[in-house]
Amino acid sequence: ETRGRKGYWTNLQRPYAGWSAKPTARLQLQADYMPMFAIENPRPNPDMFSEDGKFRGQLIQGIARYKFTEHLSGHLWAELFFPGDYYQPDHRDTATFFRAELMFSL
């Protein structure tokens, strides 16, 4: 639902550079860097969005996956987002995300 506005994700360009490695048969590592840009700045909320900025920010992502046994695996996932000039200065706090997940399969 966009309520007459352009969809949030349709206004996003995100090139990325990534690296991955498998140091052991059970461990996989991945790191990605994604600068994010807005195609336009429609300013639906002038209190949050800048008047002319189109750089949404930088996203850095790291994932470590591990297979403990045939039926048990898990991962650690971390992301950092550094907002750009698309947002007003008082809405540019760094955002963090961290998740640990353990999965059992039959």
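Proximity of backbone amide H atoms, modeled 1.01 Å from N, is registered between SER50 and TYR87, GLN88 at under 5 Å, excluding neighbours fewer than 5 places apart on the same chain. Think of the chain as a dipole: +1 on every Lys or Arg Cβ, -1 on every Asp or Glu Cβ, centred on the Cα centre; then among ILE39, SER73, PRO83, SER73 lies furthest on the positive end. Rounded to the nearest whole angstrom, the semi-axes of the ellipsoid equivalent to the chain, taken from the Cα gyration tensor as √(5λ), stand at 35, 15, 12, largest first. Taking every alpha-carbon pair under 8 Å whose residues sit at least 6 apart, the chain reaches a relative contact order of 21 percent.
Quick note: the coordinates plus some simple rules give every number you see, no bench work behind them. Quick caveat, the model's predicted, so the values are computed rather than measured. So basically every Cβ, Gly included, is an ideal-geometry build from the backbone, and we count neighbours across all protein chains shown.
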